[in-house]
Amino acid sequence: MSIINYFSNKKYKIFQKNTEIDPTSGASISKWDLAGEISGYFTPENSDTLVGSAVGNKYDINGVFYTHSKISLSDRILVEDIVYEVRETEFWQLPYISYYKGYLVKTDEDVRI
């Protein structure tokens, strides 16, 4: 049994960014589309936990998400009516388990359907 299934086998809604170009103005329009559901385990973090991105930005992390499904930067995950954005990801490979770890930040946008 994997660590993710041991702690939690909950399903979470995941949203991915879809950018389109407005033909009249040429402006880019971003929408968040429901990409489906993924199984995972969410654990909240205190706000003084920092993680650095590839370009050197530091983010206060509000939670960590563990899953077997691939998650990408800027994906959004709905956890108990709060929307979190993935700011950094890691892939962990151990002899008996492999999983993705995403560092999450709360957003103030509402993407629920």
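The values are calculated or read from the model by the stated rules, or taken from the named source; none is laboratory data. On a predicted model such as this, the values are computed, not experimentally measured, just so you know. Here Cβ is always computed from backbone atoms with ideal geometry, including for glycine, and neighbour counts include all displayed protein chains.
Residues that are outside any strand (DSSP E or B), modelled with pLDDT under 85 and out of contact with any Asp or Glu (no Cβ under 7 Å at 6 or more places or on another chain): does the stretch 101-108 have at least one? Yes, the stretch 101-108 has at least one match.
Does the stretch 25-33 contain any residue that is surrounded by 16 or more Cβ atoms within 10 Å (Cβ to Cβ), modelled with pLDDT under 90 and under 29 Å from residue 97 (Cβ atoms)? No; the residues of the stretch 25-33 include none that is surrounded by 16 or more Cβ atoms within 10 Å (Cβ to Cβ), modelled with pLDDT under 90 and under 29 Å from residue 97 (Cβ atoms).
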